[in-house]
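Below is one structure, written out as structure tokens; comments come after it.
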Amino acid sequence: MSLHQPLERLLALEGCYNTRDFGGYETLDGKKTRWRTVLRSDSLHRLTPASQQLLLNYGVRTIIDLRYLSEVNQTPNVFSTSPHVTYFNLPLFGEELEAEMRKAGTLFKQCLLLLDCCQQQIKTVMSAIATNETPILVHCVGGKDRTGLIAALLLAVANVPVATIAQDYAMSADYLAAFYAPMLETPTKQGYAHMFKSPPETVGETFNYLEQQYGGVVSYLKTIGMTGEQINHLREMLVD
């Protein structure tokens, strides 16, 4: 995984299932998203030493961990004290919202909870991405929903079509299938198995909501306190 190898979306790392590069997506204005700039991932606590080095060799210099405190304490990030990267724990929500997320019933309703109830946290994460050294890796537990929402907002800022963003979100279902399989019995019985899926229509519904309630992604980001300068910087950072 050197700087001279062909770039692939999924990084083959022992201990991670869903580590992916944002690069190479075509935008609506005929450009492409930049490789080795932002990556999305599931939790890094299982990474072997060899895979940790592979990720460093890939160039990752900033890690943003979206998990809340008890998740971090239970399975600490292997890079949390690394001298080679800047590590941030920026929880997208806390344990108090976890129960509401489970009761939401659909992933779309979970996204609404995040968008409406976690605006300061989303602003903090997006601002951190805009101001820290790239490549930046953003992760949660599965790299699917918390990470998926941040990924969707970033790709929208980069002017990537919604259909492409939906495909990117849906990839998690395939990559995480083996990881999630042993965990599904209880969620299925208790009615929150939807939390282990990633149907592409969730993205379309979410963007429709953002358009109707906030006037689109850029207007939403401004509503939660991001400046036009920060948003433009994100776009320039993400697009070749």
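Restricting attention to the range 20-238, close to 20% of DSSP beta bridges with both partner residues there are antiparallel.
Between THR106 and ALA12, the C-beta separation translates, for a Förster distance of 41 Å, into a calculated FRET efficiency of about 0.80. Model label sites at ALA163 and LEU113, defined 7 Å from Cα along the beta-carbon direction, differ in position by 3.2 nm.
Taken along its principal axes, the alpha carbon cloud of the range 151-240 reaches lengths of 47, 30, 21 Å, longest axis first.
Oblate is the label for the range 1-120, because the ratio a/c of its alpha-carbon gyration tensor axes (a ≥ b ≥ c) is 1.5 or higher and a/b is not greater than b/c. Reducing the range 54-77 and the range 185-240 to their Cα centroids gives an inter-centroid distance of 21 Å.
Computed from the alpha carbon positions, the gyration tensor of the chain leads to an equivalent ellipsoid with semi-axes of 24, 23, 17 Å, biggest first.
The distance between label points at ALA50 and GLN120 comes to 4.5 nm (points 7 Å beyond Cα on the Cα→Cβ vector). When the charge dipole of the chain is built from unit charges on Cβ atoms (+1 for Lys and Arg, -1 for Asp and Glu) and taken about the Cα centre, the candidate among LEU149, ASN77, ILE165 whose Cα reaches farthest toward its positive end is ASN77.
Computed from the C-beta positions of GLN74 and ASN232, the FRET efficiency with R₀ = 41 Å rounds to 0.60. When each of the peptides 71-84, 189-202 is scored by the mean number of other C-beta atoms lying within 10 Å of its residues, the order from highest to lowest reads 189-202, 71-84.
As a calculated quantity, the FRET efficiency between ALA181 and LEU28 at R0 = 30 Å, using C-beta atoms, amounts to about 0.25. In this structure, the amide hydrogen of ARG34, modeled 1.01 Å from its nitrogen in the peptide plane, lies closer than 5 angstrom to those of GLY24, VAL239, ASP240, counting only residues at least 5 positions away or on a different chain.
Using a Gaussian network model of the chain in which every pair of alpha carbons under 10 angstrom is joined by a spring, one finds that among CYS117, CYS16, CYS140 the greatest mean-square fluctuation is at CYS117.
With +1 on each Lys and Arg Cβ and -1 on each Asp and Glu Cβ, and nothing else charged, work out how big the dipole of the chain is about its Cα centre, in Debye to the nearest 20. I would put it at about 140 debye.
No lab work stands behind these numbers, since they all come straight from the coordinates. None of the values given here were measured: they were computed from a predicted structure. Note: ideal-geometry Cβ built from the backbone for every residue, glycine included; neighbour counts use all protein chains shown.
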